1. Is it fair to say B:Ala193 is under 34 Å from the mean Cα position of the chain (by Cα), assigned to a helix (DSSP H, G or I) and modelled with pLDDT of 85 or more?
2. Of all residues in the range A:82-113 being of a type in the set (Asp, Glu) and either more than 9 Å from chain B (Cβ to nearest Cβ) or part of a loop (DSSP other than H, G, I, E, B) (or both), which is farthest from A:Val179 (Cα to Cα)?
3. Counting just the residues of the range A:170-196 that are at pLDDT 90 or above and not in a loop (DSSP other than H, G, I, E, B), which one comes out surrounded by the fewest Cβ atoms within 10 Å (Cβ to Cβ)?
4. Among the listed residues A:Gly78, A:Gly59, identify the single one that is over 21 Å from the mean Cα position of the chain (by Cα), more than 14 Å from every other protein chain (Cβ to nearest Cβ) and within 20 Å of A:Ile180 (Cβ to Cβ).
5. Take the residues in the range A:80-121 that are among the small types (Gly, Ala, Ser) and over 13 Å from A:Leu68 (Cβ atoms), then tell me which one is surrounded by the fewest Cβ atoms within 10 Å (Cβ to Cβ).
6. Based on this model, can you work out whether B:Val258 counts as at pLDDT below 90, surrounded by 18 or more Cβ atoms within 10 Å (Cβ to Cβ), more than 14 Å from every other protein chain (Cβ to nearest Cβ) and more than 18 Å from B:Leu178 (Cβ to Cβ)?
7. On the given criteria, is B:Ala32 at pLDDT 75 or above and within 30 Å of B:Phe225 (Cα to Cα)?
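The values are calculated or read from the model by the stated rules, or taken from the named source; none is laboratory data. Note that the structure is a prediction, hence the values are computed from the model and not measured. Note that we place each Cβ from the backbone using ideal geometry, even for glycine, and neighbour counts take in every protein chain shown.
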Amino acid sequence: MRPSLNPAVLLGNTAAAGKGKIVIELDNVSYGYGGTTLFSGLSLKLAPGSFHFLTGPSGAGKTTLLRLCYADLRAKTGKVRLFGQDAATLTRDEVAMARRRIGVVHQDCQFLDHLSIAENIALPLTVADRIADAQNNLAELLSWVSLGPQAGQRPPELSGGERQRAALARAVIMSPDVVIADEPTGNVDWDMSQRLLALLIELNRMGKTILIATHDLAMIRSMKADVNARVLRLKGGQLIQAGAEL
Amino acid sequence: MKNLLALIMGDPLADRAVPPTGISARLTVFVAAAMAFLAVFALALSLTAGRLASGWADDLAQSATLRLPADLDQTNEALRAAVNVLQTTTGVASARVLEADEQRALLAPWFGPDIPVESLPVPQLIEILPDEDGYDAEGLRARLQAEVPGAVLDDHGAWREPLLAAAQRLRLVGWSVLALIGAVMAAMITLAAHASLAANAQVIRVLRLVGARDAYIARAFVRRFTLRAGLGAILGAVLALVALQGLPQADVAGGTGVHFGFVGLDWIWPLAIPPLSGIVAFAATRAAAFRRLKEQT
């Protein structure tokens, strides 16, 4: 049986993003590549503790929207606010500090292949100079994602599902206020996708804000009973806030 | 000091975040070693040339020559008069008439060892050694003009001034060469750092995505290049010092006894090359890293 995660494992205050303040806000944002506009006039607010699915066809701009949410891209027009601060005015160091509050599960995981899985998961703590007091928590986190035996292996040696779980563990190790996941179940089978979503729901119950980009509507429907999620649909450059109904 | 210690000791986990880059690592060590080797030789040449020129200038400043023309009538009387003037001049410690053998030795390079000095119209020379306070050259010339007409006092001023100027220029050239070596080393390390940063663009991207600040990312590269440059400079400096010891030392300056290499406090300079190389590498890599990280935003 999969162990549940002890909230104390996650460093910091698991309800830090609470108190009603919008954690991430996109206000009339537009973005495009080259001369093509991907979307414009797009607005979105992520309240603390909320759970959102972002759906839409391939190429609609889901990944781009997520990248705007963790300041990996800068909006062409409009404002992106991270924890109330205009992302366009943040220095590079301030962006780094904001990213410590946003855990990201990338579609391609973005691991450093020369490090072990345990070192990759601990990387956010390492770069924050907080690794020394987190060894026990790392072990428990590895256990939570059932990767204890694989801790010493390199990322290329792991299966797709194991890599996705490791990416999720890395995303939450800093106890971020927000977890953003880009197609976290894209490369795994049905059972594994259910497991990953269960982990994300568990995090949401701890107070984390969750934003998941996926094109898998069946997977969303399967989670309907377990989480109070809003579904956002990105299509034709417009963001349709579809509500909880699927 | 705390930061220096942190730079040297490093953080093993942080160091592992950036993978080692073989070719740039080896190039950095090689460049630092080569530059340190050249720097030690430039220093040795500069310091030795400076000592040599200074030695010559000092030797010349410590003596003067009085020349009595060969055709001067009544040379013996003129000689006695000249010696008398010199012995009664304040500041002259001694005045010694050069023997025929000494005059022959002086002329030997041009006329051979068997030159019959006695039968040739060779000027008579008197070596003058001043005391610590020295003598008034102009006053002495005036007295000699009055009492030994035709005698010429040569205090080697015509030689000493150019030698001193040459010594100063040699030192300047030495420092310029060292500055050039430092600049070349900085340029090479900057190129190697840029190559390493470019090769690790994906690593930098991942580090940034997980919240690494520029200073953290730069530190990994700066520490690596600083230590490599320091290590290379130690190797280069040691090799250069070994090579210096292997050079022939005897009579290198034409019998002046000047030692080619480092003497006394001069040893501070070659010992300072490795830490100076580290400082150059630190500054060059840090500047390159922050510039690159800014571009890669």
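1. It is true that B:Ala193 is under 34 Å from the mean Cα position of the chain (by Cα), assigned to a helix (DSSP H, G or I) and modelled with pLDDT of 85 or more.
2. A:Asp113
3. Applying the filter and picking the extreme gives A:Asp182.
4. Numbers: A:Gly59 fails: over 21 Å from the mean Cα position of the chain (by Cα).
Unique residue meeting the criteria: A:Gly78.
5. Result: A:Gly84.
6. yes
7. Yes: the conditions hold for B:Ala32.
Residue by residue, here is whether (1) under 33 Å from the mean Cα position of the chain (by Cα); (2) loosely packed, with under 14 Cβ neighbours inside 10 Å; (3) not basic (Lys, Arg) holds:
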| site | (1), (2), (3) |
| --- | --- |
| B:Leu98 | no, no, yes |
| B:Arg104 | no, no, no |
| B:Trp110 | yes, yes, yes |
| B:Ile126 | no, no, yes |
| B:Ala179 | yes, yes, yes |
